[in-house]
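A short write-up of the structure that comes next.
The values are calculated or read from the model by the stated rules, or taken from the named source; none is laboratory data. Keep in mind the model is a prediction, meaning the values are calculated, not measured. No Cβ is skipped: glycine too gets one built from the backbone with ideal geometry, and neighbour counts run over all protein chains shown.
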2 protein chains.
Amino acid sequence: MDRQEALVQAAYELIAEHGFEGLRTRDVAAKVGVNIATLHYYFPTKEKLIRGVVGYAMGRFRTTLQPSGSPGEQLRAHFAGIRRLARTDPELFVVMGELAMRGRRDRGIAAIVRDVDIVWEKTLTALLRHAAKEGAIANPAKPDELAALIVTTLKGLFMLSGDSRDPKAIDRQLHALERLIA
Amino acid sequence: MDRQEALVQAAYELIAEHGFEGLRTRDVAAKVGVNIATLHYYFPTKEKLIRGVVGYAMGRFRTTLQPSGSPGEQLRAHFAGIRRLARTDPELFVVMGELAMRGRRDRGIAAIVRDVDIVWEKTLTALLRHAAKEGAIANPAKPDELAALIVTTLKGLFMLSGDSRDPKAIDRQLHALERLIA
DNA sequence: GTACCATTCAATCATCTGATTGATGGATAG
DNA sequence: CTATCCATCAATCAGATGATTGAATGGTAC
């Protein structure tokens, strides 16, 4: 496999496991089975490697954002898509949580996180308008504000709650959310 | 001032500023103007110091949770209380976010965070029932589920969004939330 | 074949970091 | 006065950590 990509993926997995706090370049190199100097050959600094992880994680999430399914069901499909992602790639939300926290002290990361948030909100706003027109939900007074609120809730749900909270609790909250906006 | 308390508070502030990732015992001692050995005199290990910070932060948040105001206005007062806290002590939510993330890898912290969450949810459940009885909001089918959802949203709102998002955006989302449950 | 370039490694550096040690000053009790 | 304990400090340790260096290997161009 491509070394550069393998290193990013290893770093991604280690961040998911130990947070930024526990990320060590040595561990990343070891996980790929490569010398530390090789890591520095591809990523001159640890910071550059982290940038790679940011791109990898955000790209991975972006692909989930793309609407699909029959027009009237797109909103529900969006929730289902997020929930499926949380089941298949729980690490992704852990890493995104770490990135959100880090964005507080890192302008570059903050900008990237914000961009993804905005795309997410715009997507959701469109889906809300769509669903309202189809009669699937009540017409919200301000779809964009509702979308922002929903994004906030989903972030809190998937990025902050530990897996101590079983998947059932997450499903329950998702259903409660759908009921609330219906 | 009490040394032990001063050290905890300094650590608390440094975590708010640099996250757990950037917490250094030396910096904590320096901030109090004390030798590193003195820090270790009061807290044998860094982990013990962090436990102190956990207690400090959570205690600080608990006091905000206590209901107050006229019966019919308690729900609104709760939101107002949280919002005020976010204005006067923004660091508190930063630290709580850090703790939530760390709870994923630390059973002890996870338990404490979960306890506070449960108290928060119970408080909110009672307030929702109260508000419904007073006719301030529609009677929710499952107040406890709604409460859990609101807690999730508030956590996402205050613990994940950087201050890049101006306070106005936070106010807007809070109002949208109040409108949604009314 | 030789020169060149990309990739990788073993060894090492400089610094950071949590923690320990032994000593010192001051307060208190007998 | 002296023995004892508390609080604090300067100095230091051992291990961790990000990064660098110089050499080896293998492939490609000419």
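With the condition kept exactly as written, say whether any residue in the stretch B:56-75 is acidic (Asp, Glu), away from DNA strand D (no atom under 12 Å from the Cβ) and in contact with a helix residue (DSSP H, G or I) (Cβ under 7 Å, 6 or more places away or on another chain). Taking every residue of the stretch B:56-75 in turn, none turns out to be acidic (Asp, Glu), away from DNA strand D (no atom under 12 Å from the Cβ) and in contact with a helix residue (DSSP H, G or I) (Cβ under 7 Å, 6 or more places away or on another chain).
The residues in the stretch B:32-52 that are within 14 Å of DNA strand D (Cβ to nearest atom), within 24 Å of the chain's Cα centre (by Cα) and loosely packed, with under 13 Cβ neighbours inside 10 Å can be counted, and the count is 0.
Mind listing whichever residues of the stretch B:104-154 are under 17 Å from the mean Cα position of the chain (by Cα), within 9 Å of chain A (Cβ to nearest Cβ) and without any contact (Cβ under 8 Å) to a residue 12 or more places away in the chain? Result: B:104, B:110, B:111, B:114, B:149, B:152. Evaluate the following for residue B:97: is it assigned to a helix (DSSP H, G or I), at pLDDT 90 or above and under 12 Å from the mean Cα position of the chain (by Cα)? So residue B:97 fits the description; yes. Of the residues making up the stretch A:88-101, just one is surrounded by fewer than 16 Cβ atoms within 10 Å (Cβ to Cβ) and within 14 Å of residue A:161 (Cβ to Cβ), namely A:90. All of B:131, B:126, B:147 fail the test of being within 17 Å of residue B:66 (Cα to Cα), crowded, with 22+ Cβ neighbours inside 10 Å and at pLDDT below 95, apart from B:131.
Considering only residues that are surrounded by fewer than 16 Cβ atoms within 10 Å (Cβ to Cβ) and within 12 Å of DNA strand C (Cβ to nearest atom), which ones fall in the stretch A:1-23? Listed by number, the residues that qualify are A:1, A:2, A:3, A:4, A:5. Residues that are outside any helix (DSSP H, G or I) and hydroxyl-bearing (Ser, Thr, Tyr) were ranked within the stretch B:114-173; the one that is farthest from residue A:154 (Cα to Cα) is B:164. Whether a residue is in contact with a helix residue (DSSP H, G or I) (Cβ under 6 Å, 6 or more places away or on another chain), without any contact (Cβ under 8 Å) to a residue 24 or more places away in the chain and either more than 14 Å from chain B (Cβ to nearest Cβ) or near DNA strand D (Cβ under 10 Å from one of its atoms) (or both) was assessed, and residue A:29 passes this test. Remark: pairs (first residue in the stretch A:34-49, within 14 Å of chain B (Cβ to nearest Cβ); second residue near DNA strand D (Cβ under 8 Å from one of its atoms); Cβ separation under 8 Å; 6+ apart in sequence or on different chains) = A:46/A:23; A:46/A:25.
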